[in-house]
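Participant: Submitted below is the structure of interest, expressed as structure tokens.
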Amino acid sequence: KVLSVERGSNLQAVIDYASSGDTIVLGANKTFEARPTAFADPLCGNCGDPKDGAKATYGFIVKGKALTIIGADRATSRLQTNAGYGVYFENSFGSTLKNLTITGGRRDVDGNATDAGVVVRNSRVRIEQVDIRDNTHRIDSVIVGIGGVHAREGSEITLYDCHITNNTWDGVALYSGAMATVSDCIIKDGRGAGIGVTWDGTCVAYRNEVTGFWKGIGSFGTSTVIARNNLVHDNLGWGMIATGASTM
């Protein structure tokens, strides 16, 4: 089915109603505001012991199904997430986000929470022509902020022609067996790494611009990164770095 969602609609209710394979179309000049939901993340994406878990919040959740969510206008079809895990995919194989803006995240108090505009766990998701921006909320007692896209626990993501700008942590981060192809994206003005691949993650990155971070593109742990034809410039520390047993 194709489900059209207009201003004032409860987007999460439409997501919950939709069946796997359905398409949800968001109207232009519409802002869909989430009601944040607190939950216990059973695993920590970037801890010494993943079983430590985390206390977190999500704005919109797609769980156990594959949905295509498309905005009518990239700039004005907006998801205001009001949460740490802005759009959260769990056990979702074959979902797509396209042609919309994700903004307005709120940093979780628990520093173990892998907050980002989009968080993907045990899923396969394509993110295309999406602006993830201005997730600027921070808490003084928590070092980490809100990233752009975080992939965890065996997820596969494809990022194409996205603008990930003015957030408060990594632009793209991969943990725990996650895999990503990142191409033709602008990843700009954050903290941490523009593209950071750690644990045993794998990333292919090409034709991206990465600027305004502490580190541009980094491989850490036992991860593998193939980076070609990227413009990596004006970062505070390293442009590109491989540490530990990782390869780039």
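The values are calculated or read from the model by the stated rules, or taken from the named source; none is laboratory data. Since we're looking at a predicted model, the values are computed, not measured. Neighbour counts are summed over all protein chains in view; Cβ atoms, including those assigned to glycine, are modelled from backbone coordinates with ideal geometry. Heads up: the accessible areas ignore ligands, DNA and RNA and are worked out on the full protein's heavy atoms, side chains in. Shrake-Rupley method; radii C 1.70, N 1.55, O 1.52, S 1.80 Å.
Participant: Would you mind putting 30-39, 66-75, 114-123, 227-236 in packing order, based on average other-beta-carbon counts within 10 Å, highest first?
Facilitator: 114-123, 66-75, 30-39, 227-236
Participant: With every protein chain kept in place and ligands, DNA and RNA left out, what is the accessible area per residue of the range 32-152? Probe 1.4 Å, answer in Å².
Facilitator: 37
Participant: Moving on. Please work out the Cα center distance from the range 1-76 to the range 175-244, rounded to the nearest Å.
Facilitator: Computed from Cα coordinates, the inter-centre distance equals 26 Å.
Participant: Restricting the count to DSSP beta bridges whose residues both fall in the chain, what percent are antiparallel, rounded to a multiple of 5?
Facilitator: Roughly 5 percent of the beta bridges in the chain run antiparallel, per DSSP.
Participant: Taking Rh as the Kirkwood radius computed over C-alpha pairs, what is the Stokes-Einstein D of the range 1-45 at 4 °C in a medium of viscosity 1.567 mPa s, expressed in µm² per second?
Facilitator: 104
Participant: For the pairs LYS30/LYS65; LYS65/LYS215; LYS30/LYS63; LYS30/LYS51, flag any whose C-alpha to C-alpha distance is greater than 28 Å.
Facilitator: From the list (LYS30/LYS65; LYS65/LYS215; LYS30/LYS63; LYS30/LYS51), the Cα-Cα distance tops 28 Å for LYS65/LYS215; LYS30/LYS51.
Participant: If I model a spin label at TYR17 and VAL2 as a point 7 Å from the Cα along the Cα→Cβ vector, what separation in nanometres do I get?
Facilitator: Going by the 7 Å Cα→Cβ label model, 1.7 nm.
Participant: List the extent of the Cα atoms of the chain along each of their three principal axes, largest first, rounded to whole Å.
Facilitator: For the chain, the Cα extents along the three principal axes come out at 47, 37, 33 Å.
Participant: Mind checking the full-extension length gain between ASP184 and LYS55? Use 0.36 nm per residue of separation minus the Cα-Cα distance, one decimal, nm.
Facilitator: Full-extension gain reported as 43.1 nm.
Participant: From the C-alpha coordinates alone, can you work out the Kirkwood hydrodynamic radius of the range 1-130, in Å? Write out the running numbers ahead of the final one.
Facilitator: Numbers: mean 1/r = 0.0681 Å⁻¹.
By the Kirkwood definition, the hydrodynamic radius is 14.7 Å.
Participant: Now a separate question. If I compute solvent accessible area with a 1.4 Å probe over the protein chains, what percent of it on the chain is carbon and sulfur?
Facilitator: Taking all protein chains in place, the chain shows 49 percent carbon and sulfur surface.
Participant: Label points 7 Å out from Cα along the Cβ direction at VAL109 and THR247: separation in nm?
Facilitator: Each label point is offset 7 Å from its Cα along the Cβ direction, giving 4.5 nm.
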